[in-house]
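Reviewing the structure listed below.
The values are calculated or read from the model by the stated rules, or taken from the named source; none is laboratory data. Owing to the predicted nature of the structure, the values given are computational and were not obtained by experimental measurement. Note that each Cβ is placed from the backbone with ideal geometry, even for glycine, and that neighbours are counted across all protein chains shown. Just so you know, the surface numbers come from the protein's heavy atoms only, side chains and all, with ligands and any DNA or RNA stripped out. Shrake-Rupley method; radii C 1.70, N 1.55, O 1.52, S 1.80 Å.
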Amino acid sequence: MPSDIYQARAIAQLAISLNWTWIGAVVAKNSYGLMAIKIFQEETRGAGVCLAFVETLRRENIVSDATHAALAIQASTAKVILIFTWYTDVRELFQQLDARNVTDRQFLASEAWSTSGDLLQHPSSSKVASGVLGVAIRSSAIPGFEKYLRNLSPSHRPNDKFLREFWENVFLCGLKDSAAANRLPPCSGTESLQTVHNLFTDTSQLRVTYNVYLAVYAAAHALHRLLSCPDSKSLPGNSSSTCSVPKHIKPMEVLQHLMKVNFTTPQGEMFYFDGADVPAKYDLVNWQKTLGGKLKLVLIGRVDGYDLQMNESAIQWSTGSNQVPVSVCSERCRPGTRVATRKGEPVCCFDCLPCTEGEISNTTGSPHCEPCPPEFWSNSDRTACVPRQLDFLSFNETLGITLTTVAVFGVTVTTAVFVVFLYYRQTPMVRANNSELSFLLLLSLKLCFLCSLVFIGRPSVWSCRFQQAAFGISFVLCVSCLQVKTMVVLAAFRSARPGAEALMKWFGPGQQRGSVCFFTSIQVLICVIWLSISPPVPQPDLDVPGLKVTLRCAMASVVGFSLVLGYIGLLACTSLLLAFLARKLPDNFNEAKLITFSMLIFCAVWVAFVPAYVSSPGKYAVAVEIFAIIASSYGLLFCIFAPKCFIILLRPEKNTKKYLMAR
């Protein structure tokens, strides 16, 4: 008989192969049951199988223990129950379950009760135990055994008391010289077991019988080896007389030869001992309901060592269908989610949390989510990584259209002001403080508005270079004009003091143009060096999460961009300081006041630009930069030229030298 360790392993294999991860257990409270549940847990460790509960049964207290176990089964969510105890204990347990109408459990049976005829015929079993799946001692036919049984007769074995009693019970007749001869009609002598069908003549389920048969064969082969003396010299204490005199055989000698037996049975099976055990071979049996409502035993597979073979389609489950029952504490997490264990609960009980954005799980029951590569992002179901979509501020979207419209409107307004100034170029308002600088300032403002359009559209190698150069040079040209204008205002009023008449010769039209060109050439030089050494290049911003990745002009050199912005800021601050100093000079129309206010707006816009640009994601950072360009350009345009246009167009009587020079 194989060790019970092997049937516990076989049941564990069965549970794993059927994906049952949440199992209740009822075992005998002795070495048979406790050892079996220990082996079961060892075999299923790492396979995700958990025990919902373990109830023990004591034979001396079977009613109360069976009641407690039935309540545990009824309360548990486990649909599969492993029972490792004697059939008498199982009978009481089934009665308790029947009393509570618990009929939807799938039972796993040990060999101690899986083939019990008493249980199969019990009324409670047909109600609660349909579909039992269990291991049983291997059955096999013994050649000639059925013929031998059916040919038995008391006339051939007159001294066999068991046969005589069996005969009288089967044929309800009394044999000669028996106690039943006085109360039963005498046997005729023609009775035969050839037509009798009962438990004693049924040889289809020879299990223990077959093992006894193998044990006799093993003993016979051991004795044959011993009496044949194939290796008598290797056995201590052996002598030549032992080989020929059977009465001198010692038990230890038989045991030593028994361990070495290796033969083929008449059924064609190899028989040998593996250490102290015989090879573990079991049948897999299933309790199935017949049309009459009774239970019958059906062979549905075999276990040979660790090799489990099962015809799953032949199984009748407790539900009555051919679908394997599901017994889990938590349903397996679908793709797109991961397992999150619950604190203080078995590993089989868990929650399924969806993967975060940018992570996926494409298998069922995944313990964790895998991050997508930088160039990919998770789909909406979090089951696959898909290529990230390039995104940029385009002319076709609402934001791009709005910014383009505002920029074009700025160009139009600047052009209109330019036309007004050109038309009234001979008037004092236009000629005051160098009309040439005013036209140059309007031209630079128009360039500022136009350069914002370069930031819209798909970035390319040349657009990335051109947009920063156009932005930096246009604004330096604009601020340079304002700075020179402010310097001229200061110089004009200081030259009016005694002894300072020669000051204005340093601020003539030629010097003013030269100053603007000088200030602008420095920015041009910075841009040339920066764009030659380390220019910005179009690059997807993979650091920002999301399916859409912004294609932006990445600054390969932050130093170069910082120098461009820093130089604009330096000129702007200088212009603001000079304009602030000249704001109270005594002219009826002091342009320094306008420059002061315009530079305050300019500086405020670009100071606010830095945090807004840094905190804006993706293409909205580009929109913030465009907005800063447009806003500062509008600020300069309206603060400096709106008052002048108002006087030129709506108050022409004030457009005189006398009014402008009045104090």
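Which residues, taken from region 116-148, are farther than 23 Å from Asn322 by Cβ and open to solvent by 30 Å² or more (accessible area, probe 1.4 Å)?
Once the filter is applied, which keeps residues that are farther than 23 Å from Asn322 by Cβ and open to solvent by 30 Å² or more (accessible area, probe 1.4 Å), region 116-148 yields Gly117, Asp118, Gln121, His122, Pro123, Ala141, Pro143, Gly144, Phe145, Glu146, Lys147, Tyr148.
Scan region 387-443 for residues that are touching a strand residue (DSSP E or B) at 6+ places or on another chain (Cβ under 9 Å) and of a type in the set (D, E, K, R) and jot them down.
Correct list: Arg388, Asp391.
Inside region 124-161, can you point out the residues that are in a helix (DSSP H, G or I), out of contact with any Ser or Thr (no Cβ under 8 Å at 6 or more places or on another chain) and touching a residue at least 24 places away in the same chain (Cβ under 8 Å)?
So the first thing to find is which residues in region 124-161 are in a helix (DSSP H, G or I), and the list is 124-128, 145-150, 161.
From the residues that got through so far, the ones that are out of contact with any Ser or Thr (no Cβ under 8 Å at 6 or more places or on another chain) too are 124-126, 147-148, 161.
Residues satisfying the conditions are Ser124, Ser125, Ser126.
Do we find that Asp65 is part of a helix (DSSP H, G or I) and touching a residue at least 60 places away in the same chain (Cβ under 8 Å) in this structure?
No; evaluated as a whole, the condition is false for this residue.
Report whether or not Lys644 is of a type in the set (D, E, K, R) and within 21 Å of Leu442 (Cα to Cα).
yes
Does Ser17 satisfy the criteria of being farther than 30 Å from Val212 by Cα, out of contact with any Lys or Arg (no Cβ under 9 Å at 6 or more places or on another chain), in contact (Cβ under 8 Å) with a residue 60 or more places away in the chain and surrounded by fewer than 20 Cβ atoms within 10 Å (Cβ to Cβ)?
In short, yes.
Kindly list, by first and then second residue, each pair from a residue in region 87-100 that is closer than 12 Å to Arg59 by Cβ to a residue that is open to solvent by 40 Å² or more (accessible area, probe 1.4 Å) and aliphatic (A, V, I, L, M), limited to pairs with Cβ atoms under 8 Å and residues at least 6 apart or on different chains.
Every condition considered, the pairs that remain are Glu92/Val63.
Do we have any residue at all in region 593-601 that's at pLDDT 85 or above, open to solvent by 30 Å² or more (accessible area, probe 1.4 Å) and touching a helix residue (DSSP H, G or I) at 6+ places or on another chain (Cβ under 6 Å)?
Scanning region 593-601 turns up at least one residue that is at pLDDT 85 or above, open to solvent by 30 Å² or more (accessible area, probe 1.4 Å) and touching a helix residue (DSSP H, G or I) at 6+ places or on another chain (Cβ under 6 Å).
In region 72-86, which residue that is part of a helix (DSSP H, G or I) and in contact (Cβ under 8 Å) with a residue 24 or more places away in the chain is surrounded by the most Cβ atoms within 10 Å (Cβ to Cβ)?
Across region 72-86, the extreme among qualifying residues is Ile73.
Does Val298 satisfy being free of Cβ contacts under 8 Å to residues at least 40 places away in the same chain, open to solvent by less than 40 Å² (accessible area, probe 1.4 Å) and either touching a Phe, Trp or Tyr at 6+ places or on another chain (Cβ under 9 Å) or under 25 Å from Cys50 (Cα atoms) (or both)? Lay out the reasoning, then the answer.
On the way: free of Cβ contacts under 8 Å to residues at least 40 places away in the same chain: yes; open to solvent by less than 40 Å² (accessible area, probe 1.4 Å): yes; either touching a Phe, Trp or Tyr at 6+ places or on another chain (Cβ under 9 Å) or under 25 Å from Cys50 (Cα atoms) (or both): yes.
Spelling it out, Val298 is indeed free of Cβ contacts under 8 Å to residues at least 40 places away in the same chain, open to solvent by less than 40 Å² (accessible area, probe 1.4 Å) and either touching a Phe, Trp or Tyr at 6+ places or on another chain (Cβ under 9 Å) or under 25 Å from Cys50 (Cα atoms) (or both).
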